[in-house]
Amino acid sequence: MKTPKIALFALGGTILMTGDSQTGVKPNLSADDLISSLPQLAQMAELEVKQLVQKPSGALTISDIAKLAAGVRDAVKRGIDGVVVIQGTDTIEETAFALDLMIQASCPVVITGAMRNPSMAGSDGPANLVAAISAASYSAFADYGVIVAFDNELHLACHVAKQDSIKGDAFKSPLCGPVGRIVEDRVVLFSRPFDQRIIRCELHDLLEVPPVALLISSMNDDGRLVTAAVDAGYKAIVLAAMGAGHVPPEVADRLEQAALVIPVVFCSRSPGGQVCKQTYGYIGGEIDLLQRGLISGGWLAPLKAKILTTLALAQGPGKEEISMFLQAYDGGAR
């Protein structure tokens with residue numbers, strides 16, 4: 001059996017950090033250091049390693065992911081069999097979804113990281129990397145888009161979310177569960193991804209990323225942050241609304257005024273479920289918000305809706321086009 005060629009891109013993160021309880025962990029390792037500590041990887045795949053940046057994941061930007069996407073496209077053109085990306089876990093769900101929108105690879109693309117750094121007992125980085133390489137070597141995943149491999153579970157980029165800040169099994173897909181898992185270094189599939197219309201943003205360097213505000217609706221909110229976001233020059237707002245897409249009555253008027261000037265997308269702040277369209281008719285309910293010109297984010301989580309809106313704006317579309325892009329995450333047009 002042919003040994004697969006896997007391109008490994010490193011962005012940094014806990015998987016490459018060491019330290020102690022006095023000074024905290026810092027990015028002291030390179031991707032090559034990590035690979036050399038795991039000699040069994042040489043029997044799994046022929047690895048081509050590239051350290052793109054060395055950042056904690058909270059410092060990563062859309063421009064960094066655009067450069068990653070360019071690197072992935074180049075690797076695919078050179079005939080690579082699969083791609084693995086390692087980074088910090090705080091923004092894995094955002095990187096995965098952004099990369100999914102930016103590329104259409106003809107090979108598997110898998111992202112992983114670690115919750116426990118290499119200096120801790122029971123570090124999960126090596127096991128996650130082995131799982132990611134196994135998934136990236138599975139050619140059928142070329143049709144699945146970007147996959148997140150964590151704790152031997154495999155998740156679609158559009159569904160995965162970090163659900164815990166400490167535990168090793170932090171990544172889940174609240175709406176549908178994992179698409180598969182790794183068992184004995186092989187892929188076991190549970191389901192196939194749904195068909196959807198995905199935008200593609202092939203900008204290699206986003207020198208000017210459109211600013212998109214992400215706001216959360218909460219009890220006693222008066223909506224002043226909505227107005228402040230417009231006044232501050234944000235090009236769009238994504239709102240994490242209550243329940244099935246609801247806000248306090250005081251906020252609805254401000255959202256309507258904002259929607260006259262910039263696109264305003266509303267999603268549910270709940271980890272599961274989605275925005276409804278025709279259930280609640282009171283002021284601030286989803287029927288009211290849609291009538292005021294807001295755009296439904298469907299079942300897409302607010303973090304991912306912000307990524308999609310940002311990339312859509314980078315391509316120049318307006319409110320109608322953003323609404324069309326989001327239809328894929330709400331069961332399609334009716």
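Data table
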quantity	calculated
Residue among 251, 265 that is within 16 Å of residue 229 (Cβ to Cβ) and outside any helix (DSSP H, G or I)	265
Residue 140 in a helix (DSSP H, G or I) and modelled with pLDDT of 95 or more	no
The stretch 212-271, residues that are surrounded by fewer than 17 Cβ atoms within 10 Å (Cβ to Cβ) and of a type in the set (Val, Ile, Thr)	216, 227, 261
Filter result (among the hydrophobic types (A, V, I, L, M, F, W, C) and more than 18 Å from residue 134 (Cα to Cα)) within the stretch 1-59	11, 16, 17, 25, 29, 52, 53, 59
Residue check, residue 95 outside any loop (DSSP other than H, G, I, E, B) and polar (S, T, N, Q)	yes
Selection status of residue 283, touching a helix residue (DSSP H, G or I) at 6+ places or on another chain (Cβ under 7 Å), more than 24 Å from residue 320 (Cβ to Cβ) and either buried (at least 20 other Cβ atoms within 10 Å of the Cβ) or modelled with pLDDT of 95 or more (or both)	yes
Positions within the stretch 236-248 being under 26 Å from residue 162 (Cβ atoms) and either in contact with a His (Cβ under 7 Å, 6 or more places away or on another chain) or assigned to a loop (DSSP other than H, G, I, E, B) (or both), in sequence order	243, 244, 245, 247
Which numbered condition residue 284 misses (of (1) farther than 29 Å from residue 100 by Cα; (2) in contact with a strand residue (DSSP E or B) (Cβ under 7 Å, 6 or more places away or on another chain); (3) not in a loop (DSSP other than H, G, I, E, B))	(3)
Single condition residue 260 does not satisfy, out of (1) farther than 17 Å from residue 318 by Cα; (2) among the aliphatic types (A, V, I, L, M); (3) out of contact with any helix residue (DSSP H, G or I) (no Cβ under 7 Å at 6 or more places or on another chain)	(1)
The stretch 99-123, residues that are in a loop (DSSP other than H, G, I, E, B) and closer than 16 Å to residue 171 by Cβ	113, 114, 115, 116
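The values are calculated or read from the model by the stated rules, or taken from the named source; none is laboratory data. Everything quoted here is computed from the prediction, not taken from an experiment. Neighbour counts run over all protein chains shown; Cβ positions are idealised from the backbone, glycine included.
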